[in-house]
Amino acid sequence: MVYKPAEDTYFLLDAIKDIKGKVMELGCGSCYVLSNIKASFKVGCDLYKPDLNKNDIEFVLADCKNAPFRANSFDYVIFNPPYLPSEHIIDIAVDGGKGGIEIPLQFLRTGLRLVKEKGKIYFIISSLSDYETLEQFLKKSGLKYIKKEKRLFYETLYLYLVDLS
Ligand SMILES: C[S@@+](CC[C@H](N)C(=O)[O-])C[C@H]1O[C@@H](n2cnc3c(N)ncnc32)[C@H](O)[C@@H]1O
């Protein structure tokens with residue numbers, strides 16, 4: 001089922017609403033985020049096809065892991081991945097695998113492949129996930145990041161900006 005926009009969706013949108021250039025959203029769900037930004041070139045990729053009536057968004061039905069796009073081709077890669085800790089992936093919209101970071105790390109690796117040399121990656125993760133391991137991955141890869149948070153009743157959402165410039 002296509003993921004309905006929620007607090008995490010709005011948190012991501014709020015951070016990127018003024019970005020321009022070529023944007024790729026991995027796991028775009030309903031394409032709510034892409035629909036609400038004015039970038040010149042917008043591409044969404046997901047395993048579910050959204051009911052889309054916008055003609056300024058290119059949608060590609062594909063697994064992000066093997067996203068069929070050229071390397072280093074987007075100014076921005078954004079994602080709000082499935083991030084809940086889960087032994088098995090049952091609901092692909094929310095189950096993030098072991099520690100809730102298995103799938104986010106796949107998205108991040110794809111993002112690092114697709115983003116331009118001086119591009120930016122924005123993504124969401126939750127306090128419910130093993131975000132410390134993900135931060136270690138960023139540090140070991142020599143990537144600097146800025147982190148913002150939004151407290152909710154049952155979790156804190158983290159928004160990361162990885163700036164390659
Ligand atoms: C938390 S939802 C976010 C949806 C949308 N970006 C938003 O913010 O409302 C995560 C999305 O990732 C998609 N997804 C999960 N695994 C995927 C994969 N391997 N390849 C592509 N999309 C995937 C799900 O179908 C879902 O739409």
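The values are calculated or read from the model by the stated rules, or taken from the named source; none is laboratory data. On a predicted model such as this, the values are computed, not experimentally measured, just so you know. Note that we place each Cβ from the backbone using ideal geometry, even for glycine, and neighbour counts take in every protein chain shown. Surface accessibility is based on the protein's heavy atoms, side chains included, excluding ligands, DNA and RNA. Shrake-Rupley method; radii C 1.70, N 1.55, O 1.52, S 1.80 Å.
Things to note:
- Heavy-atom accessible surface of the stretch 7-163: percent carbon and sulfur, 1.4 Å: 49
- Reach of Lys150 by Cα under 25 Å, taken over lysines that are not fewer than 8 positions away in the same chain: Lys4, Lys17, Lys20, Lys38, Lys98, Lys120, Lys139
- Per residue, the solvent-accessible area of the chain (1.4 Å probe, heavy atoms of protein chains only, all protein chains present) comes to 54 Å².
- Taking a ≥ b ≥ c as the square roots of the eigenvalues of the Cα gyration tensor, the chain is rounded, since a/c falls below 1.5.
- As a rough guide to protection, the peptides 95-102, 47-54, 78-85 ranked by mean Cβ packing within 10 Å, highest first, stand as 78-85, 95-102, 47-54.
- Between Ile90 and Lys54, the modelled label-to-label distance comes to 3.2 nm, taking each label 7 Å out from Cα in the direction of the beta carbon.
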